[in-house]
1. Which one of V236, G171, S123 has its Cα pushed farthest toward the positive end of the charge dipole of the chain, where Lys and Arg give +1 and Asp and Glu give -1 at the Cβ?
2. Kirkwood Rh, Cα Rg: Rg to Rh for segment 271-319?
3. Between their Cα atoms, which of K47/K105; K9/K105; K61/K105; K49/K78; K9/K49 are more than 20 Å away from each other?
4. Under the Kirkwood approximation applied to all pairs of distinct alpha-carbon atoms, what is the hydrodynamic radius of segment 147-272 in Å?
5. Only Lys, Arg, Asp and Glu count, each charged at its Cβ (+1, +1, -1, -1), so figure out the dipole size of the chain about its Cα centre, rounded to 20 debye.
6. Would you please give the FRET efficiency between E285 and N85, computed as 1/(1 + (r/R0)^6) with r the Cβ-Cβ distance and R0 = 51 Å, to the nearest 0.05?
7. Between T196 and M5, what is 0.36 nm times their sequence separation minus the Cα-Cα distance? Round to one decimal in nm.
8. Once the Cβ-Cβ distance between E259 and T100 is put in as r, and R0 is 30 Å, what FRET efficiency do you end up with, to the nearest 0.05?
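The numbers here are math on the coordinates, done by the rules we state, and not lab data. All values reported here derive from a predicted model rather than from experimental measurement. Heads up, the Cβs are rebuilt from the backbone with ideal geometry, glycines too, and the neighbour counts pull from every protein chain shown.
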Amino acid sequence: MLARMHEAKISLPGGCAIGTRPVDIFIDGLRALGAELEIESGYIVAKAKGGLTGNRYRMPKVSVGATHTLMMAATLAKGETVLENAAREPEIVDLAQCLTAMGAKIEGAGTSTIRIDGVRSLSGARHRVLPDRIETGTYAMAVAMTGGDVTLTGTSAELLPTAMETLARAGAALTPVEGGIRVCRNGGGITPVDVTTDPYPGFPTDLQAQFMALMTRADGTASITETIFENRFMHVQELARLGAKIHLSGQVARIEGVERLKGAPVMATDLRASVSLVIAGLAAEGDTLVSRVYHLDRGFERLEEKLGNCGAEIERISG
């Protein structure tokens, strides 16, 4: 909006309460492109009289959202923009491909340095959005948790290589098939694996809770170190209600695998935490009731329908 209309007003972000949600990189980056920004009553008010101007900007830390935002802004800025220490996620590449189809000039998407040559305007285009890799990883972990055999269609293991490699080390068999991935764990146990969340291509923070649910049934002890968000272990106490043994020390969770989990009423605290409780509930004895599923619905469409089609005994009772 700022690049196109030279003025924009938007509220500060919300989202799950998993830690601070700073927008300093967004603001500093747009200022580097010539924008004037002020925060007024919970809104960011931005102006760029005459339009934005290309510049070199190095992000102080890797940020997917800031990379998206600055790349879009730079497409219509005057001259060249160079974004250093940029995020490398597949979604960055996907956005760059879409913008390129609309007439933008972008090089280096998928690397830590992105160059954008500003153009006067963008045009319409047709673009197919890439599959949701977090949804892919989530269902793969649900299959591994239950010892199932499921083919995930419309996706690719290449979207999350570290997570898929970690899941394979945990005992799942992953086989690329035409248009998808076959995931199975028939007969073997779950092997404990230590992970540390990191920006792409590292292990995604958005799969940390799901992997923790899987590790609660591992044959041994695993550790998970969270480096992205400072408050992303709220699912620990809820998994404990199901019988999980998890010990927290700062940003490290130590999970002692148990022989069985037992169903219990649990509460979803955020989007990824909520689906970790579903994964644990699939393997727990008896009934598990997950409340506050509005968190779940923000990231997983028709979850109960998809899992039910694969044999899970799951139903939505309200909401």
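1. Value computed over the given set: S123.
2. Rounded to two decimals, Rg over Rh is 0.91.
3. Working: K47/K105 24 Å; K9/K105 27 Å; K61/K105 24 Å; K49/K78 12 Å; K9/K49 14 Å.
Violating the 20 Å limit, Cα to Cα: K47/K105; K9/K105; K61/K105.
4. Numbers: mean 1/r = 0.0655 Å⁻¹.
Result for segment 147-272, one decimal place: 15.3 Å.
5. Working: 33 positive and 37 negative charges, 134 e Å.
Dipole magnitude for the chain comes out near 640 debye.
6. On the way: r = 48 Å, r/R0 = 0.94.
Between E285 and N85 the formula returns 0.60.
7. On the way: separation 191, 0.36 × 191 = 68.76 nm, distance 4.16 nm.
That works out to 64.6 nm of additional length.
8. Details: r = 53 Å, r/R0 = 1.75.
For E259 and T100, the calculated efficiency is 0.05.
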